[in-house]
Amino acid sequence: MNILVAGATGKTGRRLMQALQDHGHTPIALVRESSDTSVLPEGAQTRQGDLTDLQEGACDGCDAVVFAAGSGADTGQDMTDKVDRKGAMRLIDLAAKSGASRFVMLSSVGADKPEKGGEMEHYLQAKQDADEHLKASGLTYAILRPVSLTDEDGTRQMLFGDDVDETAEAARGDVAAVLADAVSSDAWANKTMLMQSA
């Protein structure tokens, strides 16, 4: 499958690109002009695009799309809106328009219940809005909501759903492995799942 990855040069995205290649897929990194593509796996394809201003055709020719991007902890609410809410929604709309068979969303624990007044409220509300937009898009979707992320590769031992401790951690390597599986696994079709590393 040809799979477009938004956020491909990020800490989780670069692991996802490798995992998709290992699965025999052709991952295509959606990158800005300023992106450091040296972190991508050797031979990885790239496609020019900016989540704050996505152009028509961004998802053309792709069987599936994965949103693994994020505005980052150091950016303000304006960038969170542009990337995590509006950018994600625009990518969903373009994926649906292009005929992609599946959209996989890297969301966050707490996106189902953004705490009013909490320091993460704006970010979690943006993630919730994007998740709900995806559910209403008509696309086959998978939404992964990991707990707090670490930069570990992980052991591929994971817990999902009701078994998850929301104060636990999830290794980025484990998260990438799940996202790579979710692009084609029937078990993930139209599912929203919490996740932690065991």
Residues of the stretch 42-74 satisfying the condition of being under 15 Å from the mean Cα position of the chain (by Cα), of a type in the set (Gly, Ala, Ser) and modelled with pLDDT of 95 or more: Ala64, Ala68, Ala69
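Does at least one position in the stretch 63-78 carry a residue that is of a type outside the set (Gly, Ala, Ser), surrounded by fewer than 20 Cβ atoms within 10 Å (Cβ to Cβ), part of a loop (DSSP other than H, G, I, E, B) and touching a strand residue (DSSP E or B) at 6+ places or on another chain (Cβ under 7 Å)?
Checked the stretch 63-78: at least one residue is of a type outside the set (Gly, Ala, Ser), surrounded by fewer than 20 Cβ atoms within 10 Å (Cβ to Cβ), part of a loop (DSSP other than H, G, I, E, B) and touching a strand residue (DSSP E or B) at 6+ places or on another chain (Cβ under 7 Å).
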field: Top-ranked residue of the stretch 15-30 - restricted to ones that are in contact with a helix residue (DSSP H, G or I) (Cβ under 6 Å, 6 or more places away or on another chain) and surrounded by fewer than 24 Cβ atoms within 10 Å (Cβ to Cβ), ranked as nearest to Met105 (Cα to Cα)
entry: Ala19
field: Failed item in (1) under 17 Å from the mean Cα position of the chain (by Cα); (2) over 19 Å from Asp112 (Cα atoms), with Trp188 passing the rest
entry: (2)
- line: Here the residues within the stretch 77-100 that are modelled with pLDDT under 95 and out of contact with any His (no Cβ under 9 Å at 6 or more places or on another chain) are Asp78, Met79
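Conditions tested, residue by residue: (1) more than 19 Å from Val5 (Cα to Cα); (2) within 16 Å of the chain's Cα centre (by Cα); (3) surrounded by 15 or more Cβ atoms within 10 Å (Cβ to Cβ); (4) small (Gly, Ala, Ser).
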{"site": "Val109", "(1), (2), (3), (4)": "yes, yes, yes, no"}
{"site": "Gly117", "(1), (2), (3), (4)": "yes, no, no, yes"}
{"site": "Ala126", "(1), (2), (3), (4)": "yes, yes, yes, yes"}
{"site": "Leu144", "(1), (2), (3), (4)": "no, yes, yes, no"}
query: Restricting the search to the stretch 31-56, which residues are over 19 Å from Met105 (Cα atoms) and of a type in the set (A, V, I, L, M)?
result: Val39, Leu40, Ala44
- prompt: Just to be sure, is Ser101 surrounded by fewer than 16 Cβ atoms within 10 Å (Cβ to Cβ) and either within 16 Å of the chain's Cα centre (by Cα) or within 22 Å of Trp188 (Cα to Cα) (or both)?
  reply: yes
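The values are calculated or read from the model by the stated rules, or taken from the named source; none is laboratory data. Every value quoted in this text rests on a predicted model; they were computed, and no experiment measured them. Note: ideal-geometry Cβ built from the backbone for every residue, glycine included; neighbour counts use all protein chains shown.
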